[in-house]
Every structure is written in structure tokens, then in C-alpha cells.
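Contents: one structure, followed by commentary.
The values are calculated or read from the model by the stated rules, or taken from the named source; none is laboratory data. Quick caveat, the model's predicted, so the values are computed rather than measured. In this analysis, Cβ positions are derived from the backbone assuming ideal geometry, glycine residues included, and neighbour counts consider all displayed protein chains. Please note that ligands, DNA and RNA were not included when accessible areas were found on the heavy atoms of the full protein model with its side chains. Shrake-Rupley method; radii C 1.70, N 1.55, O 1.52, S 1.80 Å.
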Amino acid sequence: GAVVSQHPSWVICKSGTSVKIECRSLDFQATTMFWYRQFPKQSLMLMATSNEGSKATYEQGVEKDKFLINHASLTLSTLTVTSAHPEDSSFYICSARDNRGGSSPLHFGNGTRLTVT
Amino acid sequence: DQQVKQNSPSLSVQEGRISILNCDYTNSMFDYFLWYKKYPAEGPTFLISISSIKDKNEDGRFTVFLNKSAKHLSLHIVPSQPGDSAVYFCAARAAGNKLTFGGGTRVLVKP
């Protein structure tokens, strides 16, 4: 079954509004979660690394003031797309790795399809 | 600069035959490689991985080969089944658990 839950699975919003996406690790704790974005027919691009209890680390070219990340607990990270514009329409996916470590791979949520009209 | 490349955007194979997916990388700091399978509108699902200290890892129908000197890895699926039809992403891990993904290869297994 799913070990990372992402909500909502899809959202349509008007230009200028903000949208919050939640990512939860269901049966493990994750001090670090990752947020990816995928445009149609393209690869997944890492946007930022979400760190529990501290500031997120953003990849080059990703605006931290536009994509607000909060990792308030060991099982929840949120991504808020602020003042969304049509070019922000994309498929956003979070991932998390079990803190118990070892060679466990990253588990991904089912993604959120954001459409900004 | 794409550090992980999958040069074949698509692959079509007959059911029962072998599917071979290729992936090349440029960053010698990658220490772990993974293959993910992805259906439309879903997140990637982990398939199989390999550490940079190994050259082969097998799990059921899936085998991953790593040629470190060539900075090349491949995924073999045998026998291919219609349910294997999906997009397959190669990913490489560097420090901090960050994954860099290739562009994906769409596999179609024909019955």
C-alpha cells in the first residue's frame, strides 16, 4: 500500500490565488522530504528539499517566496504555491525516505495535478 | 546540463520478450542508482536499485546492470508483460539523498 500520501490529487485554481499541497509519510518518520515538479512529457525536476524543523533548501531557479515549504512534523510537509499563474500548472510530486535509513529508496506520493486558469 | 539521460523516449516490445532500457550519467559522484515505474497521473513506484560498488542486481523479472567505467546502466525486464507498459525513469543519487531523474522511457508491451 501507499506509504506516502499526497493531497489533493488534483486542483484547479484561478490565477493569483494560492494553493497548498500536503505530503504525509504514513507509517514512517521522515526528517527530509523532497518536492518535484513534472511538466508534460518531461522528467521529474527536484524543486526543493524540505527539512523538518528548519528551512527548506531550494534548487537553483526555484523561487522560495513563490513555493513556500513547511515541514512542521516528522510526517508532514506542505508546499504552497503562492499567487499561482498559468505557467505554474504542472504535476507536483513529493517523496520521502524512511528515517530508519539503510538502503530504503525514496517513496513517492501519487502527485498533485495543478491547473491554474 | 542533463546529468542523467535516457536516450530512448519510447520502446515497443512483444509480450514475453525482453525489454532493455538504457540510462547514461555524467556525474561520477552518483553512488546509487534506481529505476522507477510511473503510470500517468501517479507518482513513481520504486522498482529496483543498485549501488555503485556492484555491477548487477536482480529481483524477479527485473535486472539492473551497472557499467561504472562507461557511466551506463540498463534495466532488463524479462519476460515482458502487458502490465509492464508504463514510463520508466532512471534516477541517480548523490549526497543528501537527492535524486536526479532521466527523461524517462515509455514502454509498450504488446500482447
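Things worth noting here:
- Those residues of the range A:23-43 whose amide nitrogen sits under 17 Å from the label point placed on residue A:5, 7 Å along Cα→Cβ: A:23-30
- Look at where the Cα atoms of the range A:45-81 and of the range B:89-109 average out, and the two centres are 21 Å apart.
- Separation in nanometres of the label points that stand 7 Å from Cα toward Cβ, at residue A:12 and residue B:12: 3.4
- Per-residue Karplus couplings for the range A:19-36, computed as 6.51 cos²θ - 1.76 cosθ + 1.60 with θ equal to phi - 60°, are listed in order as 10, 10, 10, 9, 10, 10, 8, 7, 10, 8, 9, 9, 6, 10, 10, 10, 10, 10 Hz, Gly and Pro entered as x.
- On a per residue basis, the protein assembly as shown carries 49 Å² of accessible surface, using protein heavy atoms and a 1.4 Å probe.
- Förster radius 30 Å - calculated FRET efficiency between residue A:72 and residue B:3 (Cβ-Cβ, nearest 0.05): 0.40
- If the segment from residue B:45 to residue B:78 were pulled out straight at 0.36 nm per residue, it would be longer than the present Cα-Cα gap by 10.0 nm.
- Amide H contacts under 5 Å for residue B:61, placed H, 5+ residues apart: none
- Taking 16 Å as the straight-line reach from the Cα of residue B:56, the aspartates and glutamates in range (excluding those fewer than 8 positions away in the same chain) are B:24, B:31.
- Estimated from the Cβ-Cβ distance and a Förster radius of 30 angstrom, the FRET efficiency linking residue A:27 and residue B:69 is about 0.15.
- Apolar share of the accessible surface for chain A: 50 percent from carbon plus sulfur atoms, 1.4 Å probe.
- Dividing the mean sequence gap of close Cα pairs (under 8 Å, 6+ apart) by how many residues chain B holds gives a relative contact order of 37 percent.
- Among the listed pairs B:37/B:110; A:64/B:37; B:5/B:37; A:66/B:38; B:5/B:110; A:20/A:66, those with a Cα-Cα distance over 20 Å are A:64/B:37; A:66/B:38; B:5/B:110.
- Size of electric dipole in the protein assembly as shown: Cβ of Lys, Arg +1 and of Asp, Glu -1, about Cα centre, debye, nearest 20: 200
- Each residue of the range A:42-49 was assigned a 3J(HN,Hα) from its phi angle through the Karplus curve 6.51 cos²θ - 1.76 cosθ + 1.60 (θ = phi - 60°); the sequence is 10, 7, 7, 10, 5, 9, 6, 10 Hz, with glycine and proline shown as x.
- Most mobile of A:49, A:32, A:17 in a GNM of chain A (Cα contacts under 10 Å): A:17
- Among beta bridges that DSSP assigns inside chain B, antiparallel share in %, nearest 5: 90
- Per the protein assembly as shown, cysteines lacking a partner by the 4.7 Å Cβ criterion: A:13
- Exercise: per-residue mean of other protein chain Cβ atoms within 10 Å, A:41-51: 4
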